[in-house]
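Here's the structure we're looking at; comments come further down.
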Amino acid sequence: YVWSRSAQGAAAKERVSSDSEEAVYVDSVSMLAGLGSGTGQIQRYGGVVEPQNTWEVKLENERTVKECYVKEGDEVKTGQELFAYDTTDDEDKLAQAEIDLERCQNDIEVAQSSKAQYEKESQNASEDERLQITNSILQAENQIKQSEYEYKSKELEIEQLKARIADATVTSELDGVVKSVQDPNDSSNEYSDSSSDAYITILEVGGYRVKGTVNEQNVDQVTEGMEMIVYSRVDPTVTWNGIISEINLDKGESSSADSYY
């Protein structure tokens, strides 16, 4: 549809051929009413496609990797094994902690036996001997409390070591693609993955989003929940429909020309 003028000069809407000398080309009603600002111009924003979720696996302090089961580009499923920690050191600590636990139990039994013997001797002791025996009883009680405290500490240490050994194999928490696997022996921690200190980075598959920027002049033209059309940079005829899920005004980016949100 185009607009043309009648012989009387009044504007009238009529269908005319594209080769008419009086033809005036205009934008579609949907463009004017729905997608544009009312002037026929459609606002377009640059953006990049990124996964809906990224999971970074960081190594625990003072633990080394024994074996890695994945490499860059591998597809992984939830629960799939990624790598295993070396448990040799933890197993040695566990064996020593169990020996210490047994020693603490023996110390408690010896102190309790000594206390019982002192209490028995105090019944027939003189007044002067009874004072010395009382001190011995107090020392035995302190030894019992100290050994009991150490015993509980060793029990907790053993429990933690067993948990570390049992959880030595790390599994994936999501379905995705392995983006990067860093060298676990790199002490510099200067990884190529945007200086991230993650050992393994996994990109979730199935859900993607477009992250873009707007400037101070057009930020008021977008709102959360607003419908958008995503155009392919490779093929402009390929599009996807979506909505704006979030507008973050707290993280700004600056350039030589404008401040961007």
- Go through segment 129-165 and give me each residue that's touching a residue at least 24 places away in the same chain (Cβ under 8 Å) and open to solvent by 90 Å² or more (accessible area, probe 1.4 Å). 162
- Query: Looking at 133, 144, which one is over 56 Å from the mean Cα position of the chain (by Cα) and among the β-branched types (Val, Ile, Thr)?
  - Reply: 133
- Message: Suppose we filter segment 149-178 for residues that are hydroxyl-bearing (Ser, Thr, Tyr) and in contact with a helix residue (DSSP H, G or I) (Cβ under 8 Å, 6 or more places away or on another chain); how many remain?
- Response: 1
- Message: Six or more apart or on different chains, Cβ atoms under 9 Å: show the pairs whose first residue is in segment 232-246 and open to solvent by less than 100 Å² (accessible area, probe 1.4 Å) and among the hydrophobic types (A, V, I, L, M, F, W, C) and whose second is at pLDDT 85 or above and in a strand (DSSP E or B).
- Response: 238/231; 244/227; 244/228
- Message: Anything in segment 74-109 that is in contact (Cβ under 8 Å) with a residue 24 or more places away in the chain and under 18 Å from residue 148 (Cβ atoms)? List them, or say none.
- Response: 97, 98, 100, 101, 104, 105, 107, 108
- Within segment 213-231, restricting attention to residues that are surrounded by 10 or more Cβ atoms within 10 Å (Cβ to Cβ), touching a strand residue (DSSP E or B) at 6+ places or on another chain (Cβ under 7 Å) and modelled with pLDDT of 85 or more, which residue is nearest to residue 175 (Cα to Cα)? 230
- Is at least one residue of segment 180-195 in a strand (DSSP E or B) and either modelled with pLDDT of 95 or more or surrounded by 11 or more Cβ atoms within 10 Å (Cβ to Cβ) (or both)? yes
- So residue 133, is it modelled with pLDDT under 90 and among the β-branched types (Val, Ile, Thr): yes
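Yes or no, residue by residue, for (1) farther than 19 Å from residue 202 by Cα; (2) of a type outside the set (D, E, K, R):
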{"site": "71", "(1), (2)": "no, no"}
{"site": "83", "(1), (2)": "no, yes"}
{"site": "114", "(1), (2)": "yes, yes"}
{"site": "132", "(1), (2)": "yes, yes"}
{"site": "135", "(1), (2)": "yes, yes"}
{"site": "148", "(1), (2)": "yes, no"}
- Query: Right, residue 131: out of contact with any Ser or Thr (no Cβ under 9 Å at 6 or more places or on another chain) and either outside any helix (DSSP H, G or I) or of a type in the set (A, V, I, L, M) (or both) or not?
  - Reply: yes
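The values are calculated or read from the model by the stated rules, or taken from the named source; none is laboratory data. Remember, predicted model here, so these are calculated numbers, not experimental data. Please note: Cβ atoms are built from the backbone with ideal geometry, for glycine as well, and neighbour counts cover all protein chains shown. Areas reflect the complete protein model, heavy atoms only, side chains present, ligands, DNA and RNA absent. Shrake-Rupley method; radii C 1.70, N 1.55, O 1.52, S 1.80 Å.
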